[in-house]
């Protein structure tokens, strides 16, 4: 699947569904109907299609529409399971499967409570760890030409934040990362990328400082635009940003991140 976290989550949901029988066939029909997903109960010959196959096909269809469609499908399935008491079951094997689902959701950035409620549903590469793998995955996602403006805004903000936390972890691991957009400037200072001309050893210090300040301004603009619309961190409001402006934001973000990652290659991280 194109959505990085979807395969593991789908697998664990399927296993839990097999064990508990929920969602039922009727439950799946209701969910798929609500989300306009075509995964019927019978094939053209009239033979019954098992629920696991139906769920897999539903995930494939949702994934083809984009990450937010997968998020919506996961939410609906988990809510149905919660309503049917799956997460409060005392059965030991069921709880083992719930634990596996909880772990895969955590990797996607969501917390499944003991009651079966989803919290801080980011569902995408979790950015708190500040890992380079997360940065790479977000870069790859942002380059996807099929992203809509809302997804571009959300991914741009997440990518800048993940990059900043990656740098901060490498160069000042003892420092607590701040929030966006401030964490970008915080990380640049930690990596020795000053925006003050007097602190830059270059005959073009003023120009270098100005260019580095543009990285911070990009983070500020992306965060501000994203906070009024776009995907990410449970924020799913529509955006009035045009596709053309969203594409410009995409290129600005990718350029800023590429610069930061390339520049710090000349500065060894702290051991």
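The values are calculated or read from the model by the stated rules, or taken from the named source; none is laboratory data. Values in this document were obtained by computation on a predicted structure and should not be read as measured data. So basically every Cβ, Gly included, is an ideal-geometry build from the backbone, and we count neighbours across all protein chains shown.
For region 62-79, indicate whether the set of residues that are farther than 25 Å from residue 146 by Cβ and surrounded by fewer than 21 Cβ atoms within 10 Å (Cβ to Cβ) is non-empty.
The answer is yes; a qualifying residue exists.
Looking at (1) more than 18 Å from the chain's Cα centre (by Cα); (2) at pLDDT below 90, find the lone condition where residue 244 falls short.
Single failed check for residue 244: (2).
State whether one or more residues within region 37-53 are within 30 Å of residue 153 (Cα to Cα), crowded, with 18+ Cβ neighbours inside 10 Å and at pLDDT below 95.
No: region 37-53 contains no residue that is within 30 Å of residue 153 (Cα to Cα), crowded, with 18+ Cβ neighbours inside 10 Å and at pLDDT below 95.
Could you check region 194-219 and list, in sequence order, the residues that are surrounded by 14 or more Cβ atoms within 10 Å (Cβ to Cβ) and part of a loop (DSSP other than H, G, I, E, B)?
194, 195, 200
Quick check on residue 206: is it touching a helix residue (DSSP H, G or I) at 6+ places or on another chain (Cβ under 6 Å) and within 16 Å of residue 254 (Cβ to Cβ)?
no
When residue 23 is evaluated against the numbered criteria (1) over 20 Å from residue 94 (Cα atoms); (2) touching a helix residue (DSSP H, G or I) at 6+ places or on another chain (Cβ under 6 Å), which criterion, by number, is the only one it fails?
(1)
From (1) closer than 15 Å to residue 261 by Cα; (2) outside any helix (DSSP H, G or I); (3) modelled with pLDDT of 90 or more, pick out the condition that doesn't hold for residue 184.
If we test residue 184 against (1) closer than 15 Å to residue 261 by Cα; (2) outside any helix (DSSP H, G or I); (3) modelled with pLDDT of 90 or more, just (2) comes out false.
Quick one: which residue in 111, 82 is modelled with pLDDT of 85 or more and either under 18 Å from the mean Cα position of the chain (by Cα) or more than 19 Å from residue 262 (Cα to Cα) (or both)?
The match here is 82.
Of all residues being surrounded by fewer than 15 Cβ atoms within 10 Å (Cβ to Cβ) and at pLDDT 80 or above in region 248-271, which is farthest from residue 167 (Cα to Cα)? Just the residue, please.
248
Report yes if residue 29 is surrounded by 14 or more Cβ atoms within 10 Å (Cβ to Cβ), more than 25 Å from residue 155 (Cα to Cα) and at pLDDT 90 or above, otherwise no.
Criteria met by residue 29.
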